Amino acid sequence: MTNSNSSSAPLDLSGFRKVPLYAVVAGIACLVLGAIVENRHGSEVLMRNFGFSWLLGFIFFLSLVMGGLFLVLAHHLFDASWSVPIRRYCEHLACLILPLAVCFLPIAILAPKIYPWMGAQLQASPDHALQSKSALLNPTFFYIRVVAYFVIWSVLAFSLRKFSVSQDKDGAAHWTFKMRLVSYFGIFLFAITLTFAVIDWVKSLQHQWFSTMFGVYYFAGSVWTTIATVYVLAVVLRRTGSLKDVLYSTHFYYIGSLLLAFTIFYAYVTFSQYFIIWNANMPEETFWYRLREKGTWWWVSMVVIFGHFFVPFLALLRIDFKLKLAVMAPLAIWAWLMHFTDMSFNIMPVLRPDGYFLHWLDIGAFLVMGGMLAMLFIRSLGTTAAYPLRDPRLKESLTSHELPAADADAGLAH
């Protein structure tokens, strides 16, 4: 283990605290401007537009939180050593699920305006798709599931972080066994709840549509975006805090390789979903894609195809690029942009079927939610040690993955 005197000290990120605040202020300004623009069309239109914009921002940041939880679960399931230094801030990222639950309240209130199957006019009409799915798609069960999702995710995230921090004090092995046991059961709960949640909150916007791959489609894109974020966080925390003693270039190479793997995995899942629906050629499935071929949505789909796969795939093929911040930092920003575009492609055609455009409400909801979560994340980082101090795999991480040549570390250290 490192002998640095600062290894157990919380990270000092005071220089970054104002950035999220600026984002919140800018976001509120955008929301006000968007409300003024939309209020000309009436309060009902304003509330519906705000509901969709808030849902888009929520689904994006849910990706990062659930991606963080998955990385923690995977770490314990595979008994990994290389990921020990990055585990602690992934735990903090996963624990943002509680404030994210608060962010869901506007969606819960505006759900009848967002989801057509909740509307009284649709309930009274002969909708055979809704009748066949009424056991799942009914308001009462919808809200029960919402509570269940957040309770399960919160218990998993906070339990894993609690056990991890407790091990910092005494280094007892039973904390490792507890985290491993929670992960064994947690990975199944994670898969089931995330699948149903994204079906409830995104897929049911067009409840007539059928897709057996939508859950894993969202999962793949979420983890992909989270890994890109984890890479940048690793660089920032290495330069500003005690992670500089535990992160080597090999760790960054592993994160970059994982990003490449999920780039391919996302492309495989996305293509498989489209190919299966195209090959079957069933109207209850193909209408979803036909709507997204109208107007500028066609070009958005092309951006997703080429930008979400080909650009990161070609950039990550070179080994040395995974260690170059000049490549990886723009690529992480690109990943956020592509995932936001992908989520817009899934959500916004229901509201704007004629074509895509970025509304002030979209920008405002994203900035307000992202700024608040960033402030809470930075504050959370300062409450614990920067990394698991007494994890039994930490020594292996520091000795087995050291870079033999110091000059290969230059692209990340400076």
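The values are calculated or read from the model by the stated rules, or taken from the named source; none is laboratory data. None of these values were measured; they are calculated from a predicted model. Glycine gets a Cβ as well: all are built from the backbone with ideal geometry, and neighbour counts include every protein chain shown. SASA here: full protein model, heavy atoms, side chains in, ligands and nucleic acids out. Shrake-Rupley method; radii C 1.70, N 1.55, O 1.52, S 1.80 Å.
Whole-Hz Karplus values for the stretch 351-359 come out as 8, 10, x, 7, x, 8, 8, 8, 8 Hz, taken residue by residue from phi with 6.51 cos²θ - 1.76 cosθ + 1.60 and θ = phi - 60°; glycine and proline positions read x.
Between the C-alpha center of the stretch 100-174 and that of the stretch 335-388 there is a gap of 18 Å.
Charge dipole of the chain (Cα centre as origin; +1 on each Lys and Arg Cβ, -1 on each Asp and Glu Cβ, all else neutral): 500 debye, rounded to the nearest 20. Here the accessible area is traced with a 1.4 Å probe on the protein chains. For the chain, carbon and sulfur cover 70 percent of it. In a DSSP loop and with at most 16 other Cβ atoms within 10 Å, the trypsin sites (Lys or Arg not before Pro) in the stretch 255-313 are Lys294.
Only Lys, Arg, Asp and Glu carry charge here, each on its Cβ (+1 for the first two, -1 for the last two); on that basis the stretch 70-215 has a dipole of about 140 debye about its Cα centre. Placing one equal scatterer on every Cα of the chain and applying the Debye formula, the log10 ratio I(q)/I(0) at q = 0.07 Å⁻¹ is -0.34. Highest mean packing comes first when the peptides 348-360, 216-228 are listed by Cβ atoms within 10 Å, giving 216-228, 348-360. In order along the stretch 97-112, phi translates into HN-Hα couplings of 5, 5, x, 5, 5, 5, 5, 6, 4, x, 5, 4, 6, 8, 3, x Hz, rounded to whole numbers, per the Karplus curve 6.51 cos²θ - 1.76 cosθ + 1.60 with θ = phi - 60° and x for Gly and Pro. Placing dummy labels 7 Å off each Cα toward the beta-carbon, the span from Ile109 to Lys18 is 3.3 nm. The largest-to-smallest principal axis extents of the Cα set in the stretch 12-71 are 46, 29, 9 Å.
The relative contact order of the chain comes to 36 percent, based on Cα pairs under 8 Å that sit 6 or more residues apart. Taking label positions 7 Å along the Cα-Cβ direction at both Arg379 and Thr212, the computed distance is 4.6 nm, reported to one decimal. Rolling a 1.4 Å probe over the protein heavy atoms gives the chain an accessible area of 44 Å² per residue.
Rg of the Cα atoms in the stretch 146-287, relative to 2.2 N^0.38 Å, amounts to 1.33. Computed packing ranks the peptides 277-287, 363-373 as 363-373, 277-287, most packed first, by mean other Cβ atoms within 10 Å.
With point charges of +1 on the Cβ of Lys and Arg and -1 on the Cβ of Asp and Glu, referenced to the Cα centre of the stretch 164-320, which listed residue (Ile187, Ile255, Trp288) lies farthest in the positive direction of the dipole? With unit charges placed on the Cβ atoms, the residue in question is Ile255. With the whole protein complex present, Val19 retains an accessible surface near 90 Å², based on a 1.4 Å probe.
Computed over protein heavy atoms with a 1.4 angstrom probe, the accessible surface ordering of Lys133, Lys18, largest first, is Lys18, Lys133. Of the residues Val198, Leu373, Tyr356, the one whose Cα sits farthest toward the positive end of the charge dipole of the chain, with +1 on the Cβ of Lys and Arg and -1 on the Cβ of Asp and Glu, is Leu373.
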